[in-house]
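Undergrad: Here's a structure for you.
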Amino acid sequence: MRQMRSTILFPALLLSFAAASASAADVDAAAAESLLKASKCLTCHSVDKKKDGPAYTEVAKKYADDAEALQKIIDWISSEHTVEIDGEEDTHPMAKTRDASKIGNLAAWILSR
């Protein structure tokens, strides 16, 4: 039962973070960059150049007019899913934390690029 409770509470925490308005001034860039490194996101992503994954500037541009952008990025970062790299399917890992505030901060950082 404890596992189920965690599973239910975590999305609720993410939603509460996403509901708060996150401006570029509210983003802790050092913490976001630290989580990027710890989670090895920069292996496939870059801030401004396409690698195996899209550049964060392109992600920010894609979601610029999307009211649900923050939640979509939070969902992507906090879940494991399949992606296609060079024509082959691979598992896209999730962030190396379950801390909603850290994941929300990283999502806000990506959208502020």
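The values are calculated or read from the model by the stated rules, or taken from the named source; none is laboratory data. Since we're looking at a predicted model, the values are computed, not measured. Here the Cβ positions follow ideal geometry from the backbone for every residue, glycine too, while neighbour counts run over all protein chains shown. Quick note on the areas: whole protein, heavy atoms, side chains included, nothing else; ligands and nucleic acids left out. Shrake-Rupley method; radii C 1.70, N 1.55, O 1.52, S 1.80 Å.
Undergrad: Give the lysines reachable from Lys102 as a straight Cα distance under 23 Å; neighbours fewer than 8 places away on the same chain don't count.
TA: Lys37, Lys40, Lys61, Lys62, Lys72
Undergrad: Once ligands and nucleic acids are excluded and a 1.4 Å probe is used, how much of His45 is accessible, expressed in Å² to the nearest 10?
TA: Per-residue accessible area (His45): approximately 30 Å².
Undergrad: When the Cα centres of region 51-66 and region 73-113 are compared, how far apart do they sit, in Å?
TA: Centre-to-centre distance over Cα atoms comes out at 12 Å.
Undergrad: With every protein chain present, what is the per residue accessible area of region 21-113 (1.4 Å probe, Å²)?
TA: 61
Undergrad: Same structure again: Starting at the first residue of region 75-90, write each ³J(HN,Hα) from the Karplus equation 6.51 cos²θ - 1.76 cosθ + 1.60 with θ = phi - 60°, in whole Hz, x for Gly and Pro.
TA: Couplings: 4, 5, 5, 9, 9, 8, 7, 9, 10, 9, 10, 6, x, 10, 7, 9 Hz.
Undergrad: Taking a 1.4 Å probe, which of Lys49, Lys62, Lys72 shows the most accessible area, and what order do the others take after it? Don't skip to the answer; put the middle values down first.
TA: Values: Lys49 125, Lys62 150, Lys72 85 Å².
The residues order as Lys62, Lys49, Lys72, largest area first.
Undergrad: Which GluC sites (Glu not before Pro) in region 46-113 pass both tests, a DSSP loop state and at most 12 other beta-carbon atoms within 10 Å?
TA: Passing sites in region 46-113 are Glu68, Glu80.
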